[in-house]
Amino acid sequence: MNLYLNYAKEHLTEPGENEPVGLILCSEKSDTVVRYAMGGINAKVFASKYLTDLPAEDELRAAIERTRQALATRPETNGNN
């Protein structure tokens, strides 16, 4: 992923665009594996569990609301306030 992001940044990104972001879709996710695999890499790469079937509507609504709450309460770390 880091190789691709570096290539995309150098050869595919247009002037004024944000840096590319990597997204890794997994059937399962281990936070420990992600932490060690991505440690020391400054590129923005995200790993998440990929669902092959959508959950029930009420479960999906609850997950969206949990994510919305988590985003609303997280501290800014990129310096763009």
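The values are calculated or read from the model by the stated rules, or taken from the named source; none is laboratory data. Bear in mind that the values here come from a model prediction, so they are computed numbers and not experimental data. Using ideal geometry, Cβ is built from the backbone for each residue, glycine included, and neighbour counts are taken over all protein chains shown.
Tabulated data
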| read-out | value |
| --- | --- |
| Members of segment 10-21 that are farther than 24 Å from Leu54 by Cβ and either in a loop (DSSP other than H, G, I, E, B) or in contact (Cβ under 8 Å) with a residue 12 or more places away in the chain (or both) | Leu12, Thr13, Glu14, Pro15, Gly16, Glu17, Asn18, Glu19, Pro20 |
| Residue in segment 25-70 that is modelled with the highest pLDDT, counting only those that are part of a loop (DSSP other than H, G, I, E, B), hydroxyl-bearing (Ser, Thr, Tyr) and surrounded by 10 or more Cβ atoms within 10 Å (Cβ to Cβ) | Ser30 |
